[in-house]
Amino acid sequence: MATLPKFKDKTLLGLALIHRSILNEDKNIVSSNERLELLGDAILSFLTSDYLYKHFPQLNEGSLTNLRSLLVRTESLAVIAKELDLGTMIRMSKGEEESGGRKNTAILANTFEAFIGALFLDQGAESVGKVLQKHLFPKAKELIAKKTLKDPKSLFQELVQEQKLSSPVYRILKTEGPEHAKVFTTGVFVKDMLWGEGIGQSKQEAEQEAARLAIEKFGKD
């Protein structure tokens, strides 16, 4: 298991590990990690863009964008959170924990972003870069080698356009779960025909899954 960097201000790390579900149970806790998550998301996007721009001059803007999206998507960040063992450290409600919150992909990814935000405030971009160099950036070459630069939505869009059909339309079919842990079911339609139905812990994740299934069906029909 990877070791976390040592924080100068340990309260920042503590805040990064507070899931908002615990606010309803412990009145002594007044803030969750959501503000740090917002900051971490921006820092992550910036440093990843900077790295890709400098290390892959052969890629155009579209490929760089897709590569960045694949690197910082929820699933990828959740994997890193597991490598850092963040799941065992998160302070969350008993209900959230009992429902599998410590292994929840979205919660893990969000906590990693909050951790990045906290590390940036504590030690600056250089320390954040070291973490990303070890855990995130090496995956870029793997993705290029697998030729998976295009995300499912982009690829399905191209396949549909090649057939001279109207652009895919994504619609939310169902929303379940509490406000802090919603699960979305999304369908992708072409000419009002349902081609794929995806489930995810964010609208984007559900749309990507719907597109992936649509690509499989599109290739068979």
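The values are calculated or read from the model by the stated rules, or taken from the named source; none is laboratory data. Quantities reported herein were computed from a predicted structural model and do not represent experimental measurements. Here Cβ is always computed from backbone atoms with ideal geometry, including for glycine, and neighbour counts include all displayed protein chains. For the accessible areas, the whole protein counts, side chains as well, though only heavy atoms, and no ligand, DNA or RNA atoms are used. Shrake-Rupley method; radii C 1.70, N 1.55, O 1.52, S 1.80 Å.
One residue stands out in region 1-51 among those that are part of a helix (DSSP H, G or I), open to solvent by 60 Å² or more (accessible area, probe 1.4 Å) and not hydrophobic (A, V, I, L, M, F, W, C): the one that is farthest from residue 77 (Cα to Cα), namely 24. Of all residues in region 76-107, those satisfying the criterion of being within 9 Å of the chain's Cα centre (by Cα) and open to solvent by 10 Å² or more (accessible area, probe 1.4 Å) are 76, 105, 106. Are there any pairs, at least 6 apart or on different chains, whose C-beta atoms fall under 7 Å, with the first in region 37-66 and touching a residue at least 24 places away in the same chain (Cβ under 8 Å) and farther than 30 Å from residue 19 by Cα and the second part of a helix (DSSP H, G or I) and open to solvent by 60 Å² or more (accessible area, probe 1.4 Å), and if so, which? As it stands, the answer is 52/68, since those pairs meet every condition given.
On inspection, residue 140 does not qualify as open to solvent by 20 Å² or more (accessible area, probe 1.4 Å), small (Gly, Ala, Ser) and within 17 Å of the chain's Cα centre (by Cα). Scan region 69-80 for residues that are more than 17 Å from residue 201 (Cβ to Cβ) and either at pLDDT 85 or above or among the small types (Gly, Ala, Ser) (or both) and the total you get is 1.
Taking region 177-188 as the range and being modelled with pLDDT of 90 or more and either open to solvent by 60 Å² or more (accessible area, probe 1.4 Å) or more than 30 Å from residue 93 (Cα to Cα) (or both) as the test, the residues that pass are 187, 188. Residue count for region 108-127, restricted to those that are crowded, with 21+ Cβ neighbours inside 10 Å and under 17 Å from residue 13 (Cβ atoms): 12. Listed by first and then second residue, the pairs with beta-carbon distance under 7 Å, at least 6 apart or on different chains, first residue in region 9-32 and in contact (Cβ under 8 Å) with a residue 24 or more places away in the chain and closer than 15 Å to residue 101 by Cβ, second among the hydrophobic types (A, V, I, L, M, F, W, C) and not in a helix (DSSP H, G or I), are 17/89; 17/90; 18/29; 19/90; 19/92; 21/92; 22/29; 22/92. Exactly one residue among 217, 191, 174 is without any contact (Cβ under 8 Å) to a residue 40 or more places away in the chain, open to solvent by 50 Å² or more (accessible area, probe 1.4 Å) and at positive phi, and that residue is 191. Are any of the residues in region 54-75 within 30 Å of residue 178 (Cβ to Cβ), among the acidic types (Asp, Glu), open to solvent by 40 Å² or more (accessible area, probe 1.4 Å) and part of a helix (DSSP H, G or I)? Yes: region 54-75 contains one or more residues that are within 30 Å of residue 178 (Cβ to Cβ), among the acidic types (Asp, Glu), open to solvent by 40 Å² or more (accessible area, probe 1.4 Å) and part of a helix (DSSP H, G or I).
Residue-by-condition table, conditions (1) of a type in the set (Ser, Thr, Tyr); (2) in contact with a helix residue (DSSP H, G or I) (Cβ under 8 Å, 6 or more places away or on another chain); (3) more than 18 Å from residue 48 (Cβ to Cβ); (4) at pLDDT 95 or above:
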site: 113; (1), (2), (3), (4): no, yes, no, yes
site: 161; (1), (2), (3), (4): no, no, yes, no
site: 172; (1), (2), (3), (4): no, yes, yes, yes
site: 191; (1), (2), (3), (4): no, no, yes, no
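Among the residues making up region 171-221, those that are farther than 26 Å from residue 99 by Cβ, touching a Leu at 6+ places or on another chain (Cβ under 6 Å) and assigned to a strand (DSSP E or B) are 190, 196.
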